[in-house]
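Remarks on the structure that follows.
Every read-out reported here was derived from the displayed coordinates using simple, explicitly stated rules and does not represent laboratory data. All figures in this text were calculated on a predicted structure; none of them were measured in a lab. Here Cβ is always computed from backbone atoms with ideal geometry, including for glycine, and neighbour counts include all displayed protein chains.
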Amino acid sequence: MKHNLTLAFTIIALIVSVYFHEHNPYFSYLVTGIGVFYFLTVVFGSGLIRLNYFVDSVNKGKTEGIAITFDDGPDPEITPQILDILAKENVKASFFVIGHQIEQHKELLQRIDKEGHTIGNHSFSHTKQLTRTSTTKLKHDIAKCTTAIENVIQRKPIFFRPPFGITNPRYKKAIKSLGLTSIGWSIRSLDTKTTDATALYNKVSKKITKGSILLLHDTQKVTVELLPEIIQYCKNNGINIVSLPELINQRAYICTDE
């Protein structure tokens, strides 16, 4: 809807500019400005999932607590360490997994599920090429990840997080067709960009508010250092860490027999 409004505004602005161009000595600059506005809006709209520009995503919860989510696993080295921390602290989290990772580490996915964490779809291939592929191929990739998850835990995930948080009209069509709910975030830790756990803690902790959805990665060593500190911060400040389904008041799975 937002993209349609932007496109309509751009077309109208161009038509008006052409109509009055004889009276406007800066016509070429005006047209260029309109074009740049449209280009930048689309770029930022596709790259910032919280804007809900192409796809309506859930970026914040409705309860007093926060939810912790992890992307890009399961990872044979980091994911077990993350799970150990969560078990020790009695915290439930959500894991948005990559399909091709599941094929190599089914036992890890089983452990995530057995220990009461939520599992979401993060595409099968997780490549930036998905942003340029057709709706049919995109839908196939996402569905392939769903099948990989279902084969292990016997339930179909409803939650889907677009790789890199990038969306476009094809994602909207694919997600709707597959009956998925797009999940974004309100706090992006950028734990893939640094190894400084203290800097990450300072950045993340000051952003935590009611209903926050925190994005981390169970592929990074620094996240193993950061996670206990974030959990302790929440405990010290009376902030409940709840499961994603509880935070956003939506179910996470469709049972196989439905």
note = Taking placed amide H atoms and a strict 5 Å upper bound, the residues 5 or more places from Ile241 or on another chain that come that close are Ile66
message = Taking loop as defined by DSSP and a crowding limit of 16 other beta carbons within 10 Å, which trypsin sites (Lys or Arg not before Pro) in segment 93-189 fit?
response = Arg132
ask   = Taking neighbour counts of Cβ atoms within 10 Å as a proxy for exposure, in what order, fewest first, do His126, His140 appear?
value = His140, His126
message = Tell me the volume per residue, in Å³, of the convex hull enclosing the alpha carbons of segment 163-258.
response = 134 Å³
note = Inverse of <1/r> over all distinct C-alpha pairs of segment 57-255, i.e. the Kirkwood Rh in Å, gives 16.7 Å
request  = Go through segment 95-104 residue by residue and turn each phi into a ³J(HN,Hα) via Karplus (6.51, -1.76, 1.60, θ = phi - 60°); whole Hz please, and just put x for glycine and proline.
outcome  = 10, 8, 9, 9, x, 5, 6, 4, 4, 8
request  = Determine ³J(HN,Hα), in whole Hz, for all residues of segment 72-80 in sequence, where each value follows from phi through the Karplus function 6.51 cos²θ - 1.76 cosθ + 1.60 and θ = phi - 60°; x replaces Gly and Pro.
outcome  = 6, x, x, 10, x, 9, 8, 4, x
inquiry  = Under 5 Å between amide hydrogens, which residues at least 5 positions from Phe70 or on another chain qualify, with H placed 1.01 Å from N in the peptide plane?
reply    = Ser94, Phe95, Phe96, Leu216
note = Between Lys193 and Glu77, the two model label points (7 Å from Cα along the beta-carbon direction) sit apart by a distance in nm of 2.3 nm
